[in-house]
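Peer 1: One structure follows; several queries about it will come next.
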Amino acid sequence: MNEYDSNRIYDIVKKINYKKTSLLKETDCYVLNTCHIREKATDKVYHDIGRIKKEFKNKKKPIVVVTGCVAQAEGELLLNNEKYIDAIIGPQSYHDFNKVLLKIEKNNTKINSTEFEVIEKFDTLNFIKNSNTNVSSFLTIQEGCDKFCKFCVVPYTRGAEFSRSTEELIKETNDLVNNGAKEITLLGQNVNAYNFEGHKLSDLIYKISKIKKLERIRYTTSHPIDFTEDLIQAHKNLKKLMPLIHLPVQSGSNEILKKMNRKHTVEDYIDLILKLKKNNPAIEFSSDFIIGYPGETDKDFEATIKLMKEVRFINSYSFIFSPRPGTPAAKLEKVNNKVAKERLIYFQQIAEEIKMKYRKNLFNRNSLVMFENKSRRGNEFFGRDEYLNSVIVKSQQDLNGKIKLAKIINGNQSTLFGEIKDEINFNGFEEKKCQRLVS
Ligand code: SF4
């Protein structure tokens with residue numbers, strides 16, 4: 001979501017003639033768009049500002065703006081502690097970016113803009129064309145969260161659940177497709193809670209799937225309790241909807257899920273996975289795990305390992321519990337650090353074994369890969385298969401923006417290496433060839 005927000009901030013500041021630069025020394029305004037989901041985010045802000053100070057020592061300082069969720073959660077503190085910062089802009093008030101910049105340019109004043117103005121934000125953004133030209137683009141459709149998991153800052157930094165209107169989302173998708181996007185990832189902290197005047201996520205997906213030049217649709221991140229039957233059916237009916245579902249579970253223990261206020265049990269989660277698989281056997285899953293949540297016993301941890309082995313997630317993101325200031329879980333007694341570390345190492349070993357086994361199974365098989373860019377090493381192209389696996393192939397033709405059948409030759413934990421098979425005419429693509437994996 002921060003990537004989407006950064007692009008939109010750029011669309012906004014272009015209106016008052018700011019341009020992007022990759023050279024720090026050229027900068028008149030330095031924007032740090034931050035994420036607060038992990039510990040040390042605030043330290044990173046101070047560290048980055050230290051870097052800018054060094055670069056601009058004895059020179060006129062640039063305007064320094066901190067935006068994103070760290071700005072929302074710790075804005076006042078940052079402004080007080082670090083005088084080099086000129087403005088704090090929360091993730092729900094960045095539509096005011098230009099007003100803030102112009103005020104600072106004129107009055108050299110400090111500004112804290114952290115109101116929850118999500119409706120005003122999207123009302124403003126709807127009049128500013130999304131200029132992103134990536135083959136694979138993000139589109140925020142929903143923000144905020146009403147679930148209040150005890151460890152999470154999102155309900156405090158992004159506010160209550162809010163869904164954008166279907167009409168404006170179709171328009172923005174069309175803009176992105178006209179800019180060259182072939183794939184759109186619909187974003188929301190609780191994306192499957194999307195509901196605009198009764199229109200659900202599946203309704204939106206059906207509507208945008210009608211856009212001819214749009215080849216792939218993804219969405220992230222889902223909450224298991226919002227996974228309704230209509231969305232399960234969409235995975236059966238729509239080829240454009242990619243068969244990888246990111247479905248955070250956080251723990252395999254019902255005791256811990258209850259302590260986290262996750263509102264579902266392990267059994268509910270497995271039932272959902274089985275339902276999805278029954279509807280579309282090609283679906284695979286990725287997930288998030290918190291290891292060493294306060295109160296986690298050996299037995300709870302073993303239950304998480306059991307779940308990992310049962311579902312065989314093709315990708316998982318696991319971290320030791322990190323207390324976020326202001327959340328209920330931050331006050332709880334932490335699991336011994338050494339124990340938590342040992343558990344994480346063991347969990348990640350199992351997760352890697354499962355992942356590597358899955359990846360080796362792809363060798364000598366064909367995958368549909370959408371190519372996103374050319375590597376710096378000459379005629380190599382980078383793309384992603386339907387399961388978001390990174391694939392690199394060599395080719396003399398320009399593959400950018402194209403979807404090709406690639407035979408996977410080998411790979412490692414992060415990348416698969418393949419070679420291009422025949423040219424595929426996507427519009428005339430035969431059903432029998434359109435299996436998720438072609439042997
Ligand atoms: S559902 Fe997700 S975004 Fe909402 S509080 Fe829980 S972890 Fe945070």
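The values are calculated or read from the model by the stated rules, or taken from the named source; none is laboratory data. What you are looking at is a predicted structure, and each value in this text was computed from that prediction instead of being measured. For neighbour counting, all protein chains shown are included, and Cβ atoms are generated from backbone atoms with ideal geometry for every residue, glycine included.
Peer 1: With V118, V153 as the choices, which residue is within 14 Å of N190 (Cα to Cα), within 16 Å of the ligand (Cβ to nearest atom) and not aromatic (F, W, Y)? Full working, then the answer.
Peer 2: Values: V118 fails: within 14 Å of N190 (Cα to Cα).
Just one listed residue meets the conditions, V153.
Here's the yes/no breakdown for (1) loosely packed, with under 12 Cβ neighbours inside 10 Å; (2) among the basic types (K, R):
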| site | (1), (2) |
| --- | --- |
| K331 | yes, yes |
| N337 | yes, no |
| K341 | no, yes |
| F347 | no, no |
| I350 | no, no |
| R365 | no, yes |
| K374 | no, yes |
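Peer 1: A further question on this structure: Residues that are under 30 Å from A303 (Cα atoms) and of a type in the set (A, V, I, L, M, F, W, C): list the helices (runs of 4 or more DSSP H) wholly contained in the range 183-263 that include at least 3 such residues.
Peer 2: Details: elements: 201-208, 229-237, 254-260.
In the range 183-263, 254-260 are the helices (runs of 4 or more DSSP H) which contain 3 or more residues that are under 30 Å from A303 (Cα atoms) and of a type in the set (A, V, I, L, M, F, W, C).
Peer 1: Being more than 16 Å from the ligand (Cβ to nearest atom), of a type outside the set (D, E, K, R), within 17 Å of I232 (Cα to Cα) and under 17 Å from the mean Cα position of the chain (by Cα) is the filter here; which residues of the range 170-222 pass it?
Peer 2: I217
Peer 1: Restricting attention to the range 245-262, and to residues there that are away from the ligand (no atom under 15 Å from the Cβ) and surrounded by fewer than 21 Cβ atoms within 10 Å (Cβ to Cβ), which single residue is farthest from L276 (Cα to Cα)?
Peer 2: Once the filter is applied, the top-ranked residue is E255.
Peer 1: Residues to consider are F301, F289; find the one that is assigned to a helix (DSSP H, G or I), touching a Ser or Thr at 6+ places or on another chain (Cβ under 8 Å) and in the same structural domain as F148 (by TED's automatic domain parsing). Spell out the reasoning first.
Peer 2: Working: F289 fails: assigned to a helix (DSSP H, G or I).
Of the residues listed, the single one that is assigned to a helix (DSSP H, G or I), touching a Ser or Thr at 6+ places or on another chain (Cβ under 8 Å) and in the same structural domain as F148 (by TED's automatic domain parsing) is F301.
Residue-wise test of (1) of a type in the set (S, T, Y); (2) within 26 Å of S287 (Cβ to Cβ); (3) outside the structural domain of T67 (by TED's automatic domain parsing).
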residue	(1), (2), (3)
F151	no, yes, yes
A160	no, yes, yes
T166	yes, no, yes
T173	yes, no, yes
L176	no, no, yes
L187	no, yes, yes
L204	no, yes, yes
R218	no, yes, yes
S222	yes, yes, yes
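Peer 1: Inside the range 83-138, can you point out the residues that are of a type in the set (D, E, K, R) and crowded, with 22+ Cβ neighbours inside 10 Å?
Peer 2: At the first step, the residues of the range 83-138 found to be of a type in the set (D, E, K, R) are 83, 86, 96, 99, 103, 105-106, 110, 115, 117, 120-121, 123, 129.
Matches in the range 83-138: D86, K121.
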